[in-house]
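Undergrad: Below are the structure tokens for one structure; questions will follow.
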Amino acid sequence: MTGDDMTEGGGVTGGGGDSKQFELDVRPPFRLDLTAWVLRRRPDNHVDKWDGTTYQRVLRVDGTPIDVAVTQRGTDDRPRLAVTLTAAAAASAASRARREVTARLQRMLGLDLDTAAFIQHVSSDPAIGPLARRFSGVKPPRFPTVFECLVNSIACQQLTLTFGIQLLDRLACAHGPRTPTGANGGGFGFPEPSDLAHVEPDAFRALGFSHAKARAIIELAQRVTGGALDLDGFDRLDDAAAAAQLLGLRGIGRWSAEYALLRGL
């Protein structure tokens, strides 16, 4: 991975802002289109945006919302990603922003994951084998944080995925970071725990969340911001230990816990 081998570009994109460009190596095979669609899940997801060429996401680094735009260069077997970072104002530490965004893209897009063993393992299966070959290049994606994964799982409980995505879009639009500029027109990102810890339950209700879901999300955000819950530390736990701790959280049952293991951890 060559996250530090950057080519910066000055320039103004989308009506203003400070833009930086760099490239990332990817473990082949890789297809950005397939991986972005697994992240998106539904075409009306406006947090994870895909226009057929560019994957766009707003990420916050040290409090600064940054518009991240990713396109694929090369072939599926020799892929490279071109990344453009655009902030409304120059970031105080551009090198840190590049490192942080690189780490998040590695996590979200599975850039350094090797899927060869899985493909070989299922190649002779009559049902999974053809699918694995057809979708060669898709990587197992993850949410950028376990917190976002858990809020996704709570929002989508006992609802259609389409309606769950709509709730999450409303939440991000109301309480997430915004970028007015960017390589794909700017947008809004997903809220962090500090954005939601002091939101009143009625504000969630106005967005379409049930009282129980509002209470679960607010309590989760408060426990994280208050230091009572270290979600980043879950990466160091095995599946059983992580699931046991997740099941102790309000609003998290077996389905949501296993969803967090799959898409967050």
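Undergrad: For the stretch 116-123, check the following and say yes or no: at least one residue is at pLDDT below 95 and assigned to a loop (DSSP other than H, G, I, E, B).
TA: Taking every residue of the stretch 116-123 in turn, at least one turns out to be at pLDDT below 95 and assigned to a loop (DSSP other than H, G, I, E, B).
Undergrad: Restricting to the stretch 191-234, what's the tally of residues that are of a type in the set (Ser, Thr, Tyr), farther than 23 Å from residue 57 by Cα and touching a helix residue (DSSP H, G or I) at 6+ places or on another chain (Cβ under 8 Å)?
TA: 1
Undergrad: Might you let me know whether the stretch 158-171 holds any residue that is among the β-branched types (Val, Ile, Thr) and either farther than 28 Å from residue 106 by Cα or surrounded by fewer than 17 Cβ atoms within 10 Å (Cβ to Cβ) (or both)? Please lay out each step first, then the result.
TA: Within the stretch 158-171, the subset among the β-branched types (Val, Ile, Thr) is 160, 162, 165.
Filter again for either farther than 28 Å from residue 106 by Cα or surrounded by fewer than 17 Cβ atoms within 10 Å (Cβ to Cβ) (or both), leaving 160, 162.
Checking the stretch 158-171: at least one residue is among the β-branched types (Val, Ile, Thr) and either farther than 28 Å from residue 106 by Cα or surrounded by fewer than 17 Cβ atoms within 10 Å (Cβ to Cβ) (or both).
Undergrad: Continuing with this model, one more query. Among the residues of the stretch 57-74 satisfying the criterion of being in contact with a helix residue (DSSP H, G or I) (Cβ under 9 Å, 6 or more places away or on another chain) and under 23 Å from residue 30 (Cα atoms), which is most open to solvent (accessible area, probe 1.4 Å)?
TA: Start the filter on the stretch 57-74 by keeping residues that are in contact with a helix residue (DSSP H, G or I) (Cβ under 9 Å, 6 or more places away or on another chain), which leaves 57-59, 61-62, 64, 66, 68, 70-72.
Right, trim to under 23 Å from residue 30 (Cα atoms) and you get 57-59, 68, 70-72.
Details: 57: 9, 58: 9, 59: 8, 68: 3, 70: 1, 71: 37, 72: 54 Å².
That would be 72.
Undergrad: Checking residue 92 against (1) assigned to a loop (DSSP other than H, G, I, E, B); (2) modelled with pLDDT of 95 or more; (3) under 23 Å from residue 193 (Cα atoms); (4) over 16 Å from the mean Cα position of the chain (by Cα), which test does it fail?
TA: In the conditions (1) assigned to a loop (DSSP other than H, G, I, E, B); (2) modelled with pLDDT of 95 or more; (3) under 23 Å from residue 193 (Cα atoms); (4) over 16 Å from the mean Cα position of the chain (by Cα), residue 92 misses (2) alone.
Undergrad: Could you please find all residues in the stretch 226-235 being at pLDDT 95 or above and open to solvent by 70 Å² or more (accessible area, probe 1.4 Å)?
TA: Passing the criteria: 228, 230.
The values are calculated or read from the model by the stated rules, or taken from the named source; none is laboratory data. A quick note: this is a predicted structure, and the numbers were derived from the prediction, not measured. In this analysis, Cβ positions are derived from the backbone assuming ideal geometry, glycine residues included, and neighbour counts consider all displayed protein chains. Quick note on the areas: whole protein, heavy atoms, side chains included, nothing else; ligands and nucleic acids left out. Shrake-Rupley method; radii C 1.70, N 1.55, O 1.52, S 1.80 Å.
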